[in-house]
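S.K.: Below is the structure I would like to discuss, written out as structure tokens.
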2 protein chains.
Amino acid sequence: MGISLKDVALRAGVSVKTVSNVVNEYRHVTPQTRQRVQRVIDELGYRPNLTARHLRKGRTGMIALALPELGNPYFAELADAVIEYAGALDYIVLLDHTNGRRDQEVLFAQGFRARVIDGLILSPIELENEDLLARESDAPLVLLGERQYDAPYDHIAIDNVAAARTAAAHLIELGRRRIAFLGARHGQARQTAHLRLQGWREVMAEAGRPTGEEYVAATDGYTREDGAQAMARLLDSGVRPDAVFCYNDLIAIGAMRTLTTRGLRVPEDVAVVGFDDIEDGRYCATTLTTVAPHKRAIARAATDALLERLALTGGQEIEPRRVQPGFALIPRESTTGRS
Amino acid sequence: MGISLKDVALRAGVSVKTVSNVVNEYRHVTPQTRQRVQRVIDELGYRPNLTARHLRKGRTGMIALALPELGNPYFAELADAVIEYAGALDYIVLLDHTNGRRDQEVLFAQGFRARVIDGLILSPIELENEDLLARESDAPLVLLGERQYDAPYDHIAIDNVAAARTAAAHLIELGRRRIAFLGARHGQARQTAHLRLQGWREVMAEAGRPTGEEYVAATDGYTREDGAQAMARLLDSGVRPDAVFCYNDLIAIGAMRTLTTRGLRVPEDVAVVGFDDIEDGRYCATTLTTVAPHKRAIARAATDALLERLALTGGQEIEPRRVQPGFALIPRESTTGRS
DNA sequence: CCGGTGTTGTATAACGATGTAAAACACATC
DNA sequence: GATGTGTTTTACATCGTTATACAACACCGG
């Protein structure tokens, strides 16, 4: 089939191991030998057989990335970042989605895909703490996203409260007074939406702005449609906000549509801030101000955490990491009027 | 690390190959031996090491599926179907996306990922015929989707003209007279949109309905936003259709929103038909009538075609296949008024 | 009891890479 | 020239599996 080390060795007149040494940039190879071997490698177009390498090394070189849904651009973009970063480190990423369902999340955590992947990055939605504690698989697991757990696993998530505070503060600075929050979910105190809601509440209270329930609109999901409906309900309830901070960009985009439909101008009448910095937001009719979690930093942190655990030999243990990648407020037309 | 054949063999008092024979359900093993070995397998929890198996077999057991974008639910759902079907056949699917860009499509066709995957299923958008003819990689390639090529590769796509005819005919049957088409793209006679447009045109002409350019709205992309804008342009141009057939469900959903916004009722004033049968369409306020390509059949056909080529030994050749999986019109509220 | 035929099990060699240990070589020091 | 020290290269075993070839055994008909 393909060209193997043996073929190269034969042609270059050296041993198989020497070729391997050249390929792996082993130190003690004379420049002459290295050059000669390298020439043959290029000539024959040798590419290492990953399967064989992985067999020998006892690893597959693959990691799984299990996200709630790929239909949400935030996750699609995040997946992209992980695939790119891990790819540069010669890891192959298996992309999976859980639909945000607990049973599927448990399945992945328990090691569906065991023996195929070396480790797993999981972004849970419904997974419970007890599920993690009951985990049996010994493949490294890194948790992603805002849900909080009390279990010994690496966890990568931005500081949602701080990020929400930044967004709210931005609106306050612009002189807005009645700032609504779109996208809270009922119950579920540990969930992300709660953290963002908390950040909003803190800043509102500090600035002496209303934080009543009438300014909070819950949504069932996180889609544009959910945002459009929530915005409509809010307006129908008689509240007249001059700004809305949305749980994510999709909701914000939906909200903007409703506002436009109702004859309200963005940002003159109502300023809008989203969260995620998905590409859509940059191409809206009115470009969307948003809080941008640093996706590449998240991807890097998650991958690094996983690979570091994979590099541990034998019985070594390291403390679970909590990493908080950065974020940035990106002001665009939906609050400033110009991009 | 894990339990190997050797461990099982030792414990069961048989040779490694015998255990392998049991695992692979080789015929000539006595029930006694089989039972004894099986018991040890269960006891130790032996799972075969895929890496080793693949090394020995000269295959990786992985196929790549390269789709334009995962943000479009149609592709996400299709990916799901392929992953599930191929998974049942013990193949692992590597999911990639090309953003519908020619350079990336060429990259995949040329064998980015070579030596990692056994074959590739590619759904091209911009790829040109010459790119295919210039292809050097010898890994099997199966083409997916409606773009037509004159190159020796398997091609899986539903009959788009027929499918579009079905949709148009449905609207005609309901007594609609001025039926617009949303989602044509400029130029590009070989593209999918052209086929669906053609089906629409044929049926309109046969029924003596108008097919003028004023009833055709082009879009830049295939998103909800594109649909909303195209619908708005159409209405602003003074045309008053009593039905629209949209290139896909996303465009249809966008169009429905514009209609609602403008005070037009679906389906009373304007009936709407989409294409793809994405899940969103089933949960719209007004559920969406759509043409449903049989995604599982497509996934099956593509995977089967690829695996069949993989099964070919040595110099064997088979003719490129053209498979046309089925489709079905699914009437819902957006045309019938009830679901 | 022989040879033929078919079944069941085993020993051994691959697949393509890397780790280990040691051989081969270079060079300086005494 | 013997010894030591460090560099460069090699032979061989190994990862866990399957393919090949053959040995061992059973059964049958003559």
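The values are calculated or read from the model by the stated rules, or taken from the named source; none is laboratory data. Predicted, not measured: the structure shown is a model, and the values here were computed from it. Here the Cβ is made from the backbone with ideal geometry for all residues, glycine too, and neighbour counts use every protein chain on show. To get the accessible areas, we keep the full protein, side chains included, count just its heavy atoms, and leave off ligands, DNA and RNA. Shrake-Rupley method; radii C 1.70, N 1.55, O 1.52, S 1.80 Å.
S.K.: Residues with amide H under 5 Å of residue B:327's amide H, sequence separation 5 or more or different chain, H placed in the peptide plane at 1.01 Å from N; which?
M.R.: B:294
S.K.: Here is a follow-up. To the nearest 20 debye, what is the magnitude of the charge dipole of chain B about its Cα centre, counting +1 on the Cβ of each Lys and Arg and -1 on the Cβ of each Asp and Glu?
M.R.: The dipole magnitude comes to about 1140 debye.
S.K.: What accessible area per residue comes out for the range B:160-293, rounded to a whole number of Å², with a 1.4 Å probe?
M.R.: Dividing the accessible area of the range B:160-293 by its residue count gives 38 Å².
S.K.: Can you tell which of A:267, A:210, A:68 shows the greatest fluctuation in a Gaussian network model of chain A with Cα springs below 10 Å?
M.R.: Greatest mean-square fluctuation among the candidates belongs to A:210.
S.K.: In deg cm²/dmol and to the nearest 500, what is the mean residue ellipticity at 222 nm of the protein assembly as shown if only DSSP H runs of at least 4 residues count, each as -39500 (n - 2.57), divided by the residue total?
M.R.: When only DSSP H runs of four or more count, the value is -13000 deg cm²/dmol.
S.K.: Which translational diffusion coefficient, to the nearest whole µm²/s, is obtained for the range B:181-339 from the Stokes-Einstein equation, given a Kirkwood hydrodynamic radius over C-alpha pairs, 37 °C and 0.692 mPa s?
M.R.: D = 193 µm²/s.
S.K.: Another one. Averaged per residue, what accessible surface does the range B:58-142 expose to a 1.4 Å probe, in Å²?
M.R.: Here the per-residue accessible area is 37 Å².
S.K.: Continuing with the same structure: Taking each residue of A:51-63 in turn, how many C-beta atoms of other protein chains fall within 10 Å of its C-beta, and what is the average?
M.R.: Counting Cβ atoms of other protein chains within 10 Å of each residue's Cβ and averaging gives 4.
S.K.: Mind checking the range A:1-89 for trypsin sites (Lys or Arg not before Pro) that DSSP puts in a loop (not H, G, I, E or B) and that have at most 11 other Cβ atoms within 10 Å?
M.R.: A:27
S.K.: Quick one: which residues, 5+ away or cross-chain, put their amide H under 5 Å from the amide H of residue A:62? H built at 1.01 Å from N.
M.R.: A:92, A:118
S.K.: Note every residue of the range A:112-135 with a reduction of at least 20 square angstrom in accessible area, all protein chains present versus the isolated chain, computed with a 1.4 Å probe, or write none.
M.R.: Relative to the lone chain, where solvent access is computed with a 1.4 Å probe, the range A:112-135 loses at least 20 Å² at A:113, A:115, A:116.
S.K.: Picking from B:232, B:287, B:256, whose Cα lies most toward the positive end of the charge dipole for the range B:160-293 (charges on Cβ: Lys, Arg +1; Asp, Glu -1)?
M.R.: Value computed over the given set: B:232.
S.K.: In nm, one decimal, shortest first: how far is the label point of residue A:57 (7 Å from Cα along Cα to beta carbon) from the matching points in the other copies?
M.R.: Reported distances to equivalent positions: 2.3 nm.
S.K.: Could I ask something else about it? Please identify the trypsin sites (Lys or Arg not before Pro) of the range A:265-339 that satisfy two criteria: DSSP loop assignment and at most 12 other Cβ atoms within 10 Å. Which are they?
M.R.: For trypsin sites (Lys or Arg not before Pro) across the range A:265-339 that sit outside H, G, I, E and B with at most 12 neighbouring Cβ atoms in 10 Å, the list reads A:265, A:338.
S.K.: Between residue B:15 and the same site in the other copies, what are the distances in nm, shortest first, taking label points 7 Å from Cα along the C-beta direction?
M.R.: Copy-to-copy label distances for residue B:15: 3.2 nm.
S.K.: Further question on the same structure: For a 20 Å ceiling on Cα separation, which of these pairs sit above it: A:6/B:6; A:6/B:57; A:295/B:295; A:57/B:57; A:57/B:17?
M.R.: Correct reply: A:6/B:6; A:295/B:295; A:57/B:17.
S.K.: If you don't mind, another one. In square angstrom, what is the accessible area per residue of the range A:5-48 with a 1.4 angstrom probe?
M.R.: Accessible area per residue, the range A:5-48: 71 Å².
S.K.: Please state the charge dipole magnitude for the range A:160-293, taken about the Cα centre, from unit charges on C-beta atoms (+1 on K and R, -1 on D and E), reported in debye and rounded to the nearest 20.
M.R.: 240 debye
S.K.: If you build the convex hull over the alpha carbons only and average its shadow over all orientations, what do you get for the range B:5-48? Give it in nm² to one decimal.
M.R.: That works out to 2.6 nm².
S.K.: Let me ask you something else. Roughly what % antiparallel, to the nearest 5, for the DSSP beta bridges in chain A?
M.R.: The antiparallel proportion sits near 10 percent.
S.K.: Specify the residue with the greatest mean-square fluctuation among B:114, B:86, B:180, computed from a Gaussian network of chain B linking alpha-carbon atoms under 10 Å apart.
M.R.: Evaluated over chain B, the most mobile residue of the options is B:114.
S.K.: Here's another thing I want to ask about it. State, to one decimal in nm and shortest first, how far the label point of residue A:129 sits from each corresponding label point in the other identical copies (label point: 7 angstrom along Cα-to-Cβ).
M.R.: Sorted ascending, the copy-to-copy spacings read 6.5 nm.
S.K.: Then there's this: Ignoring ligands, DNA and RNA, please state the percent of accessible area on the protein assembly as shown from carbon and sulfur, probe 1.4 Å.
M.R.: Roughly 48 percent, rounded to a whole number.
S.K.: Shifting gears a bit: Which value, in debye to the nearest 20, gives the size of the charge dipole of the protein assembly as shown about its Cα centre, when Lys and Arg are +1 and Asp and Glu are -1 at the Cβ?
M.R.: 1440 debye
S.K.: With springs only between Cα atoms under 10 Å, which of B:29, B:216, B:272 fluctuates most in a Gaussian network model of chain B?
M.R.: Looking only at B:29, B:216, B:272, the biggest GNM fluctuation is shown by B:29.
S.K.: Can you give the accessible area buried between chains B and A, summed over both chains, with a 1.4 Å probe, in Å² to the nearest 100?
M.R.: 2600 Å²
S.K.: Let a ≥ b ≥ c be the square roots of the eigenvalues of the Cα gyration tensor of the range A:183-275; is it rounded (a/c under 1.5), or, if not, prolate (a/b larger than b/c) or oblate?
M.R.: Oblate is the answer for the range A:183-275, as a/c is 1.5 or above yet b/c matches or exceeds a/b.
S.K.: Along the positive direction of the dipole of the protein assembly as shown (beta-carbon charges: Lys, Arg +1; Asp, Glu -1; about the Cα centre), which of B:109, B:9, A:162 reaches farthest?
M.R.: Checking the options against the dipole of the protein assembly as shown, the answer is B:9.
S.K.: Of the DSSP beta bridges with both residues in the protein assembly as shown, give the percent that are antiparallel, rounding to the nearest 5.
M.R.: If I count the DSSP bridges inside the protein assembly as shown, around 10 percent turn out antiparallel.
S.K.: Also, I was wondering about something else. Is the shape of the protein assembly as shown best called rounded, prolate or oblate, per the rule: a/c under 1.5 gives rounded, else a/b larger than b/c gives prolate, else oblate, with a ≥ b ≥ c the square roots of the Cα gyration tensor eigenvalues?
M.R.: Oblate shape, in that a/c is at least 1.5 and b/c is the bigger or equal ratio.
S.K.: Given a 1.4 Å probe, show me the residues in the range B:68-96 buried by at least 30 Å² of accessible surface when comparing the whole protein assembly to the chain alone.
M.R.: The answer is B:70, B:71, B:80, B:83, B:92, B:94, B:95.
S.K.: Looking at the range A:198-229, which residues lose a minimum of 40 Å² of accessible area between their chain alone and all protein chains in place, measuring with a 1.4 Å probe and not counting ligands or nucleic acids?
M.R.: A:224
S.K.: Considering Cα pairs under 8 angstrom that are at least six residues apart, work out the relative contact order of chain A and quote it in whole percent.
M.R.: 15 percent
S.K.: Okay, moving on. Give a quick list of GluC sites (Glu not before Pro) in the range A:180-274 that DSSP marks as loop, anything other than H, G, I, E or B, with at most 10 other Cβ atoms within 10 Å.
M.R.: Hits after loop and neighbour filter: A:268.
S.K.: When the Kirkwood radius is taken over all Cα pairs of chain B, what Stokes-Einstein diffusion coefficient follows at 25 °C and 0.890 mPa s, in µm²/s?
M.R.: Stokes-Einstein gives a translational diffusion coefficient of 109 µm²/s.
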